[in-house]
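Enquirer: Below: one structure in structure tokens.
Values in this text are rule-based calculations from the coordinates and carry no lab data. This one's a predicted model, so the numbers in the text were calculated from it and none came from an experiment. FYI the Cβ positions are ideal-geometry reconstructions off the backbone, even for glycines, and counts take in every protein chain you see.
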Amino acid sequence: MSADVMPITENKNTKAKAVDTPWKTAMRRFTRNKLAVIGFIMIVFMFILCFIGPLFSPHNLFDYSLKNKNLAPNGTYWLGTDKLGRDILLRMMLAGRISLLVGLVATCITVMIGATLGAVAGFYGKLVDNLIMRVADIFMALPSLPILIILGAVLSDLKVHPSSRIYYLMVIIGVLNWTTLARLVRGQILTLREQEFMQATEALGLKDKRKIFKHLLPNTIPVIIVAATLSVAGAILSESALSFLGIGVVPPTPSWGNMISAANNLIDFRKRPWLWIPPGMCILITSVAINLIGDGLRDALDPKTKK
Amino acid sequence: MKQYIIRRLLQMIPTLIGISIIIFAISAMVPGDYITARANPNMSIEKQEQLRSIYGLDKPDYQRYFIWAGNMVKGNFGDSMQHKQPVTTVINTYVWNSFIIGIFALFFSWFIAMITGIFSAKFQYSFFDKIVTLLVFICMSLPSFFIGLLLIKFFALDMKLFPVGGMITSGLNARGWEYFIDVLKHSFLPIMVLTMLSTGSLTRYFRTSMLEVIRQDYIRTARAKGLKERTVIFKHAFRNAMIPAITLLGFELPGLFGGAMILEQIFVWPGVGHIYLNSINMRDYPFMLGFTIFLAMLTLLGNLLADVLYGIADPRIRLK
């Protein structure tokens, strides 16, 4: 809770060393979960590969050389080359930057919208709550993949420049996902707002904005973290499906999804699996890793499971 | 119960109106229409205008919304521009192809999930349980299109065990049994992918549900009575663990009739999802809008079905 409500200075000195903070307990529980730790290592590896890996690559993304086109994996080109003679490994790492970034930013947008609307709905109740939750019902019943595909097609029709498409995609994927988080946060706020510390904020005469963002929302952070982690995997999968269909991230910007769309060409699909299998494995590994972490976090942050 | 169902159905109306507005607004955002998407260079501008006024595409958006929504209420979904048939007819033609793979996938995924769920709960923390947990996570995070492609590559192209795509071998005029076998061969891979995709979360659900039941006192009583372990697990525990799972059946409704867009596209399966994806690419708005509303209705009905089933299965739940 915020500093001006509680005199923290007194607390600091008297705090016993043996008592763990809730975050430390959660941390300990998380590290005890083997699968979650494996997931964490996998995701760290993916990030290092995608964000630092390209710096060590001897190749250049703009090395078009038709002499080296469609090479199978070998000593110089570890994962082979594509039809323009570009190194697949380098492209895959750069594609990973885009895909991971889309997943992360889309989730940030989801969290901002979902947490705010959920908190507002839960805090004010009555008419506001009804209104927001009815809108949430509408969004929940919208078939999400078709809507994503339709919006992707709209982006193509509006002739959005390839380089700015990823920003639109982040927003679209982020906005469409807000309902789950909003419901979770609302549920938490409904119980939290009846607790004593909220009476204290009332007595202090704090503004609503402050009550919501400084006193209520911080208490829902465990729920938000778990939902957000899992939603990163969802966002990455959505982006890759769209890009695979050619209406998400479009070339020349590489993304895992649009690299797999090389498989739409029968010869490439059949004879040159190095074009599309590695990026597919990246998607698979990333999303398994994120789901493992999310599940580990759920167990670690849930106060009901005592270990 | 009847009252409850009627009230829920009435509550769907505002949601459907909201959905229809959102979907229509998105489609209205798109520059160009079916006529421009066809891009027939031989068509004169006058002819294009004429066609637009026939299809009613020349009216302002809000008017078109009310005309469209009004027809929807009367049960008239309009005519698909691409298929030159009423949207409902097109849906009816293709939805059963999707239903075939949907129902098989449903059956297999429930069957596999129940068995693995029961055993991994029975032997919690065993090696088997750990393997299952890992597989569950992998299934839950599979990118459907990639797995579909991998299976086609290995099983259809490299090992030639199954046909690459489609529903029947072209040129094969088989009837009866032969036809059935042919379809079965073609549907094997898509069913397999669909099953894999849904088995993960289902197994997890059954496992948790089973774990909760196994700790109950009446299970201890059953064991104390000296019943066989098999009877305890399958008769006493499993039946009770199934109650919450029944709710999930309702949520399967959109999956059965909605088609799997990307999978059907990859396997060239002539299902409704494939047609829907095409309609989006071709800007066939009547079909696109009509089917999206159909999907939304399925989702809402599925939710209602889930609640009703739960009320039936568990008498402690009173639906009001």
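Enquirer: Place a +1 charge on the Cβ of each Lys and Arg in the stretch B:182-243 and a -1 charge on the Cβ of each Asp and Glu, then give the dipole magnitude about the Cα centre in debye, rounded to the nearest 20.
Expert: For the stretch B:182-243, the charge dipole is close to 360 debye.
Enquirer: Just to check I understand the Karplus step: with θ = phi - 60° and J = 6.51 cos²θ - 1.76 cosθ + 1.60, what whole-Hz values come out for the stretch B:237-250, glycine and proline as x?
Expert: With coefficients 6.51, -1.76 and 1.60, one gets 7, 4, 4, 6, 5, 6, 4, x, 5, 4, 3, 4, 4, x Hz.
Enquirer: When A:Lys126, B:Lys228 are ordered from fewest to most other Cβ atoms inside 10 Å of their Cβ, what list results?
Expert: Exposure proxy ranking, most exposed first: A:Lys126, B:Lys228.
Enquirer: Same structure again: If the only charges are +1 at each Lys and Arg Cβ and -1 at each Asp and Glu Cβ, what is the size of the charge dipole of the stretch A:70-222 around the Cα centre, to the nearest 20 debye?
Expert: Details: 16 positive and 9 negative charges, 56 e Å.
Once rounded to the nearest 20, the dipole reads 260 debye.
Enquirer: Shielding of A:280-287 by partners, i.e. mean partner chain Cβ atoms within 10 Å per residue?
Expert: Averaged over the peptide's residues, the number is 4.
Enquirer: Now a separate question. Quick one: which residues, 5 or more positions from B:Gln85 or on another chain, have an amide H under 5 Å from its amide H? H modelled 1.01 Å from N in the peptide plane, none for Pro or chain starts.
Expert: For B:Gln85, the qualifying residues are B:Ser80.
Enquirer: Sticking with this one: Take the stretch A:182-307, drop everything but the C-alpha atoms, weight them equally and run the Debye formula without solvent; then report log10 I(q)/I(0) at 0.16, 0.18, 0.23 Å⁻¹ to two decimals.
Expert: -0.85, -0.94, -1.22
Enquirer: What's the average, rounded to a whole number, of partner chain beta-carbon atoms within 10 Å of each residue's beta-carbon in A:146-156? Intermediate values should be presented prior to the final figure.
Expert: Details: counts 13, 7, 0, 7, 9, 3, 1, 8, 6, 1, 2.
Partner Cβ neighbours, averaged per residue: 5.
Enquirer: Compute the FRET efficiency between B:Tyr179 and A:Ser144 as 1/(1 + (r/R0)^6), taking r as their Cβ-Cβ distance and R0 = 25 Å, and round to the nearest 0.05.
Expert: My answer for the efficiency is 0.10.
Enquirer: While we're here: Note down the nm distance, to one decimal, between modelled labels 7 Å out along Cα→Cβ at B:Ala25 and at B:Thr208.
Expert: The modelled label-to-label distance comes out at 3.4 nm.
Enquirer: What ³J(HN,Hα) values, in whole Hz, does the Karplus curve 6.51 cos²θ - 1.76 cosθ + 1.60 give for the stretch A:78-85 when θ = phi - 60°, with x put for Gly and Pro?
Expert: 4, 10, x, 10, 9, 6, 9, x
Enquirer: Would you mind giving the average projected area, over all directions, of the Cα convex hull of the protein assembly as shown in nm² with one decimal?
Expert: Hull-based average projected area comes out at 37.1 nm².
Enquirer: So if R0 is 25 Å, what FRET efficiency would B:Thr93 and A:Leu158 give, r being the distance between their Cβ atoms, rounded to the nearest 0.05?
Expert: Between B:Thr93 and A:Leu158 the formula returns 0.15.
Enquirer: What are the ³J(HN,Hα) couplings of the stretch A:214-222, residue after residue, when phi is run through the Karplus curve with 6.51, -1.76, 1.60 and θ = phi - 60°? Round to Hz, x for glycine and proline.
Expert: The phi angles translate into 9, 10, 8, 4, x, 6, 9, 3, x Hz.
Enquirer: If you rank A:Asp87, A:Asp20, A:Asp129 by fewest surrounding Cβ atoms within 10 Å, what's the result?
Expert: With the fewest neighbours first, A:Asp87, A:Asp20, A:Asp129 line up as A:Asp20, A:Asp129, A:Asp87.
Enquirer: At 222 nm, what value in deg cm²/dmol follows for the protein assembly as shown if DSSP H runs of at least 4 each add -39500 (n - 2.57) and the sum is divided by all its residues, to the nearest 500? Please report the intermediate quantities before stating the final value.
Expert: Working: 27 runs with 429 residues, N = 627.
-22500 deg cm²/dmol, from helical runs alone.
Enquirer: Rank these for me by crowding, B:Met242, A:Met170, going from fewest to most other beta carbons within 10 Å.
Expert: The order, fewest Cβ neighbours first, is B:Met242, A:Met170.
Enquirer: Which whole number gives the average count of other chain Cβ atoms within 10 Å of the Cβ atoms across peptide B:135-141?
Expert: Shielding by partners across B:135-141 averages 6.
Enquirer: Roughly how many debye, to the nearest 20, is the charge dipole of chain B about its Cα centre, given +1 on each Lys and Arg Cβ, -1 on each Asp and Glu Cβ, and no other charges?
Expert: 1400
Enquirer: Net charge near B:Ser209, counting Lys/Arg +1 and Asp/Glu -1 over other residues with Cβ under 14 Å of its Cβ?
Expert: Working: positive: B:Lys122, B:Arg204, B:Arg207, B:Arg215, B:Arg239; negative: B:Glu212, B:Asp314.
That works out to +3.
Enquirer: What is the list of residues in the stretch B:101-118 whose amide nitrogen lies under 18 Å from a point 7 angstrom out from the Cα of B:Thr231, following Cα to Cβ?
Expert: From the stretch B:101-118, the list is empty.
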